[in-house]
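Undergrad: Here it is, the structure in full.
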Amino acid sequence: MEKDFNHQRKLIYDRYVRYLFIACAALMTIIIFSIIFFVGKQGLMTFHDVSPIEFFLTDKWNPSINKYGALSFILGSVAVTMLAIVIGTPLGLLGAVFMSKIAPRKLRNIMRPAVDLYVAIPSVVYGYIGLTVLIPLIRNLFDVNMGYGIFVTAVILSVMILPTIISISEDALDGVPKPLEEASLALGATYWQTLYKVVVPAAAPGILTAVVLAMARAVGETMAVQMVIGNTPLLPKSLFTPTATLTSDIVIEMGNTPFGSPWGNALFLMALVLLVVSLLMILLIKRISARRYA
């Protein structure tokens with residue numbers, strides 16, 4: 001009798017917990033779609049005053065004369081993100097290979113928590129280091145007047161995305177079946193050839209996932225970028241001239257814009273562009289993951 005009672009109670013608990021999880025999932029879905037709807041609704045109202053061609057294909061940004069060309073911000077975001085990936089991906093992959101396949105276990109047990117702790121450093125700290133250390137260094141090394149711009153921003157972002165690339169790539173490398181390595185070595189390949197031609201290609205889907213997540217991290221970064229990019233609404237003419245990104249311009253101007261004005265709606269549209277880019281990257285990650293486990 002007591003067993004039947006306990007069994008019935010467990011079934012009731014399981015049912016309520018199931019309903020609780022469904023309610024939480026539904027609530028999160030509603031919140032996410034509400035954000036997308038609100039940002040999208042306000043952003044698309046920009047086209048009542050500005051044509052899509054002007055917004056996306058011109059670089060004239062001057063709200064005082066109703067000019068809202070966001071091309072310089074879009075290109076700035078793309079350039080900074082791509083350069084950060086070019087710098088950070090090889091370093092992160094090398095770090096992941098070292099930690100997964102080369103480092104002694106004791107050293108790995110120290111480095112892995114250090115990499116995880118690395119994520120907890122606030123972005124404003126990176127920006128402050130870039131402002132006080134990197135920019136003066138770049139002025140001296142490259143003999144430029146200011147030092148602000150794409151290059152220093154990309155260097156800062158490449159450092160910030162390293163934990164993402166290292167952690168996920170290391171997990172992907174650890175997931176490569178040992179028989180693949182053993183078969184390569186048995187056929188006469190050296191250990192380095194095995195790493196380069198067998199292990200890394202086998203872990204490629206996980207490494208690509210790490211890179212895409214790092215891109216999403218880089219394109220959405222705000223505070224560190226705002227401190228070192230220069231915040232000038234101009235097309236980036238070189239690596240060492242001030243420019244701006246979508247995130248840096250939003251954070252600078254959002255406190256000065258009346259809600260519902262063309263200026264405010266244009267900032268919402270810039271936020272919508274960032275949101276769409278992030279969603280596309282998430283879909284890309286899902287496609288890579290599905291191909292990985294197919």
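Here, each number is a calculation from the coordinates, and none is a lab measurement. Fair warning: this is a prediction, and the values are worked out from it, not measured in the lab. Note that we place each Cβ from the backbone using ideal geometry, even for glycine, and neighbour counts take in every protein chain shown.
Undergrad: Order by neighbour count: 221, 181, fewest other Cβ atoms within 10 Å first, most last. Walk me through the intermediate numbers first.
TA: Details: 221 25, 181 18.
Starting with the residue having the fewest Cβ neighbours, the order is 181, 221.
Undergrad: List the residues whose amide H sits under 5 Å from the amide H of residue 68, counting only those 5 or more places along or on another chain, with H placed 1.01 Å from N in the peptide plane.
TA: 62
Undergrad: Right, next: Here are labelled values, (1) 48; (2) 66; (3) 53, and one is the computed percent of Cα pairs over 23 Å apart for what I pasted. Which one?
TA: Checking each listed value against the structure points to (2).
Undergrad: Of 225, 44, 97, whose Cα points farthest to the positive end of the dipole of the chain (charges on the beta-carbon: +1 Lys, Arg; -1 Asp, Glu; origin at the Cα centre)?
TA: Value: 97.
Undergrad: Rounded to the nearest 500 deg cm²/dmol, what is the calculated helix-only ellipticity per residue at 222 nm for the chain, with -39500 (n - 2.57) per DSSP H run of length n ≥ 4?
TA: Working: 13 runs with 206 residues, N = 294.
Estimated from H runs of four or more residues: -23000 deg cm²/dmol.
Undergrad: Something else about it: With a cap of 12 neighbouring Cβ atoms within 10 Å, and only residues DSSP puts in a loop, list the trypsin sites (Lys or Arg not before Pro) found in the range 201-294.
TA: Working: sites: 217, 237, 286, 287, 291, 292; in loops: 237.
Answer in residue order: 237.
Undergrad: Hey, got the dipole for the chain? About the Cα centre, +1 on K and R Cβ, -1 on D and E Cβ, debye to the nearest 20?
TA: Details: 22 positive and 16 negative charges, 152 e Å.
About 720 debye.
Undergrad: Moving on. What is the extension gain from residue 86 to residue 34, computed as 0.36 nm multiplied by their sequence separation minus the C-alpha to C-alpha distance, in nm to one decimal?
TA: Working: separation 52, 0.36 × 52 = 18.72 nm, distance 3.51 nm.
Between residue 86 and residue 34, full extension yields an extra 15.2 nm.
Undergrad: Determine, for 54, 182, 170, the number of other Cβ atoms within 10 Å of each Cβ, and report the residues in order from fewest to most. Display every interim value, and only then the final one.
TA: Details: 54 17, 182 11, 170 27.
Placing the least packed residue first, the sequence is 182, 54, 170.
Undergrad: Would you be so kind as to identify all helices of the chain, as entire DSSP H runs, whose Cα atoms reach 18 Å or more along the helix's own axis and whose mean Kyte-Doolittle hydropathy is at least 0.0?
TA: Details: long enough: 2-44 (62 Å, 0.54); 71-97 (38 Å, 2.11); 105-118 (19 Å, -0.52); 150-174 (34 Å, 1.74); 204-220 (24 Å, 1.65); 262-293 (46 Å, 1.42).
Qualifying helices: 2-44, 71-97, 150-174, 204-220, 262-293.
Undergrad: Something else about it: If each residue's Cβ is checked for other Cβ atoms within 10 Å, how do 118, 16 rank with the fewest at the top? Working shown, then result.
TA: Numbers: 118 15, 16 10.
Going from least to most buried by this count: 16, 118.
Undergrad: Using a Gaussian network for the chain with springs between C-alpha atoms less than 10 Å apart, which of these wobbles most: 88, 255, 147?
TA: Fluctuation is largest for 255.
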